[in-house]
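Please treat every number below as a calculation from the coordinates, not as lab data. As the structure is a prediction and not an experimental result, all values here were calculated from the model. Virtual Cβ from ideal backbone geometry, glycine too; neighbours counted across all protein chains shown.
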Amino acid sequence: MTAPLVAIKGVTRVYYLGSNEVHALRGIDLKIEAGEMLAIMGSSGSGKSTLMNVIGCLDSPTAGTYLLDGVLVNELDKNALADLRNQKLGFVFQGFNLLARTSALDNVELPLLYDRQGRFADTKALAAQALARVGLADRFDHQPSELSGGQQQRVAIARALVVQPRLLLADEPTGNLDSKTSVDIMALFQELNDQGITIVLVTHEPDMARYVKRCVEMRDGRIIRDELVHDRRRAADDLAMMTRDATLAAAPRLAS
């Protein structure tokens, strides 16, 4: 039996604010298999962002164990954690986090320049391939200010994909986008997941959670719901319907 890609057991995370203890995670057990597309949901303060940071090796548990692709994360020092993030994880953020006055190609290439294992040779070619993969083959030379919000997020997704990660982590990836662009980005995530990429996203939007395969809901640092999404929607179908409705709505105005 294949081991899960993510195996978290009894994980807690306690922060200390002066003399106060803040229990962000309280005994989390979670397994994520390769090929899953999972949403972590919850209100502000539920612990979802802390859990994402632990999964992404950006924060360490106070107690418990975390294995990522068979590697016991708890035992790694800072340099080993940085290498693990670069080799196995891709990150997509709500605010895109792109470098201004820098081309899309150079933004996507950036993670490859931090590789200390010598895994990547022609970094420009790999960055170009990643941009083409997200539908931006004609935007290599464009800077973020010359791109729409949806295009900027696609550049950010290409940057996450370029290191060929085992796990793609997306933190509120549609939070700064309008409804149609959000569905468009979810269609891209579904397409990537169909290609075998494991995706975990944090979202507070129930509409976006309809597109994943499995939903984990958190409250007060605990998982209160973990279930498959049985009425999962296809974002590409919803996007086509939204485009058709917008065209029909515009038709009377054009006729007049």
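Between the listed residues Leu177, Pro206, Gly196, the Cα displaced farthest toward the positive end of the dipole of the stretch 146-209, a dipole computed from Cβ unit charges relative to the Cα centre, is found at Gly196.
Assigning unit charges at the beta carbon (Lys, Arg +1; Asp, Glu -1) and nothing else, what dipole magnitude in debye, to the nearest 20, does the chain show about its Cα centre?
On the way: 29 positive and 32 negative charges, 25 e Å.
Rounded to the nearest 20 debye, it is 120 debye.
For Ser182, Ser44, Ser103, Ser148, the sequence from fewest to most other C-beta atoms within 10 Å is Ser44, Ser148, Ser103, Ser182.
Among Tyr66, Tyr15, which comes first, then next, by fewest other beta-carbon atoms within 10 Å?
Working: Tyr66 21, Tyr15 12.
Fewest-to-most Cβ neighbours within 10 Å comes out as Tyr15, Tyr66.
Counting only residues at least eight positions apart within a chain, or on another chain, the lysines with an alpha carbon under 24 Å from that of Lys124 are Lys88. In this entry, the stretch 114-256 is assigned a mean projected area of 12.1 nm², taken as a quarter of its C-alpha convex hull surface. Can you give me the span-like helices of the chain, meaning DSSP H runs with 24 Å or more of Cα extent along the axis and Kyte-Doolittle mean at or above -1.0? Length and hydropathy pass: 235-255. Listed by Cβ neighbour count within 10 Å, with the fewest neighbours leading, Ser60, Ser145 appear as Ser145, Ser60.
Per DSSP H run of at least 4 residues, take -39500 (n - 2.57); add these up for the chain, divide by its residues and hand me the 222 nm value, nearest 500 deg cm²/dmol. Before the final figure, lay out the partial values.
Details: 8 runs with 90 residues, N = 256.
Computed ellipticity for the chain at 222 nm equals -10500 deg cm²/dmol.
Could you compute how fast the stretch 10-122 diffuses translationally, taking Rh as the Kirkwood radius over C-alpha pairs and applying Stokes-Einstein at 37 °C with viscosity 0.692 mPa s? Give it in µm² per second. The calculation lands on 201 µm²/s.
Across the chain, Cα-Cα pairs more than 29 Å apart make up 34 percent of the total.
Could you calculate the contour length gain from Leu72 to Asp178, that is, 0.36 nm times the residue separation minus the distance between their Cα atoms, to one decimal place in nm? Show your work: numbers first, answer last.
Details: separation 106, 0.36 × 106 = 38.16 nm, distance 3.92 nm.
So the extension gain works out to 34.2 nm.
Straight Cα distances below 17 angstrom link Lys48 to the lysines Lys9, Lys31, with same-chain residues fewer than 8 positions distant left out.
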